[in-house]
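Down below is the structure, laid out as structure tokens.
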Amino acid sequence: MPAEPPIDTPRHLFEAYERLAAGPTRPIAGGTDVHGRDHRRARAIPDRMLDLSRIDELRGIALEASGLVLGARTTYTEIRRSALCREHLPALVEASATIGAAQIQNRGTLGGNIANASPAGDTLPILLAADAQILVGGQRGEREIAAKDFFISYRKTALAPDELILQVRFPLGQGRELRFRKVGTRRAQAISKVVLALAWRDVGAQGWLDVRVALGSVAATPIRAAATERVLEGARPTPEVADLAAETLRRGAQAN
Amino acid sequence: VSAYRFLVNGAPAEVNVPGMRRLLDVLREDLGLTGTKEGCGEGECGACSVLLDGQVVDACLVPIAQVEGRIVRTVEGLSLAARERGSLDTLQEAFLEHGAAQCGICTPGMLMAARAYLDAGGGPTTARFAKRSPATCAAAPATRRSSTRLPPSRPRPTDARQ
């Protein structure tokens, strides 16, 4: 039987913040990493666990002026079933459908994917390509962190030990396109070998603008491919440009 | 250690255990419901699948603190409705008919995952079902046949087992 540290189940955020401020505490939402990876492989067992499953403030999917906002506790199943996500962020729906089996999609959460910060986290390149903002909070207040500043080194994030991830905001620009591709060893229920998210705005004769190329599973963290973005920025999507971008991406990935 | 109350297969259950104890261990060791099996114990294989508020989950990944006040259904409860008619669940019937078991350790999980899939309105296509249960043992083809050559919901003649 895995370790069974004490667990608190607060109903409100402020109670969770108090617990986090009081000492080393490990949040648990869907539990797919905590029980699955951490405890089985004898990673440091925390003093206390903090169950987020009863905190309704971390739930919900809403379309706001600033973009599509998802609560940290939104599960992959909820993303797949959300009419708002399907309409405004189909790439995230696609990514959610590739994560684990139904058993995992029913439990695993977007906030958990971010906090776990695996370089193979399937939603993370989408956050990078979409210029997502991650809202975190604690007793010291709330702050927004850009996805590109969030993943610092292997499984290290900008989240402080006394903070929780509250929500993720995806800005929705006019004419913005976003695509997702994952390559694993098989079509379903496989850890990714490489994940790519590509975003751009097509302005006709001027070509592509605001190009974002983000990759997972190729470095210690999910990364943006800056050199490849520069190749595509302001260029027309011709076969020659595509070849040059692919070559640049290949060289960049080798360097990592 | 705290007291946690929930429903298992329609009956109220109460256990006094650490909140991080896995639902899997509570079912098997504290409640004696050993129909749910432990496979990998890390959420990869699905052998310990049960229904939590109707959704299929891996019982090895659920801390009991998150089960307080909720509804759990295990393989022991799969045939509850059918038992009154003296039969098994249609899925169990189909698994028997097709011989869909080799060693059998994953069979309860297969049954629960398939039940959740069909209850959610999933159509009987082998490709979609295979995605849910990636087992690759010799019984896999029979398992897929059993789970897909079925009407999508439960109603079925009660004398099926005569």
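The values are calculated or read from the model by the stated rules, or taken from the named source; none is laboratory data. Note that the coordinates shown come from a computational prediction; the quantities given were computed from them, not determined experimentally. Positions of Cβ are backbone-derived with ideal geometry, glycine not excepted, and every protein chain shown enters the neighbour counts.
Among the residues in segment A:224-246, are any within 30 Å of residue A:59 (Cα to Cα) and in contact with a Pro (Cβ under 6 Å, 6 or more places away or on another chain)? No, that holds for no residue.
Among the residues that make up segment A:79-98, is at least one of them surrounded by 23 or more Cβ atoms within 10 Å (Cβ to Cβ), out of contact with any Phe, Trp or Tyr (no Cβ under 9 Å at 6 or more places or on another chain) and closer than 22 Å to residue A:163 by Cα? Within segment A:79-98 (the criterion being surrounded by 23 or more Cβ atoms within 10 Å (Cβ to Cβ), out of contact with any Phe, Trp or Tyr (no Cβ under 9 Å at 6 or more places or on another chain) and closer than 22 Å to residue A:163 by Cα), the answer is no, since none of the residues qualifies. Filtering B:15, B:57 for residues that are within 25 Å of residue A:99 (Cβ to Cβ) and modelled with pLDDT of 95 or more leaves a single hit, B:57. The residue of segment B:42-87 that is surrounded by the fewest Cβ atoms within 10 Å (Cβ to Cβ), among those that are at the interface with chain A (Cβ under 7 Å from one of its Cβ atoms) and of a type in the set (Asp, Glu), is B:42. Report yes if some residue within segment B:14-31 is farther than 24 Å from residue A:26 by Cβ, of a type outside the set (D, E, K, R) and more than 14 Å from chain A (Cβ to nearest Cβ); otherwise report no. Yes: segment B:14-31 contains one or more residues that are farther than 24 Å from residue A:26 by Cβ, of a type outside the set (D, E, K, R) and more than 14 Å from chain A (Cβ to nearest Cβ).
Determine if segment A:48-65 includes at least one residue that is within 12 Å of chain B (Cβ to nearest Cβ), surrounded by fewer than 20 Cβ atoms within 10 Å (Cβ to Cβ), over 22 Å from residue A:134 (Cβ atoms) and at pLDDT below 95. Yes, segment A:48-65 has at least one match.
Annotation note: of A:189, A:167, the sole residue that is touching a residue at least 60 places away in the same chain (Cβ under 8 Å), polar (S, T, N, Q) and outside any loop (DSSP other than H, G, I, E, B) is A:167. Against the definition (facing chain A (nearest Cβ under 10 Å), touching a residue at least 60 places away in the same chain (Cβ under 8 Å) and of a type outside the set (A, V, I, L, M)), how does residue B:2 come out, yes or no? So residue B:2 fits the description; yes. Criterion applied to A:25, A:75 was being within 14 Å of another protein chain (Cβ to nearest Cβ) and either modelled with pLDDT of 95 or more or over 25 Å from residue B:19 (Cβ atoms) (or both), and the one residue passing it is A:75.
The criterion of being assigned to a loop (DSSP other than H, G, I, E, B) and either farther than 19 Å from residue A:20 by Cβ or more than 14 Å from every other protein chain (Cβ to nearest Cβ) (or both) holds for residue A:160.
Yes or no: segment A:78-100 includes at least one residue that is out of contact with any Lys or Arg (no Cβ under 6 Å at 6 or more places or on another chain) and of a type in the set (Ser, Thr, Tyr). Yes, that holds for at least one residue.
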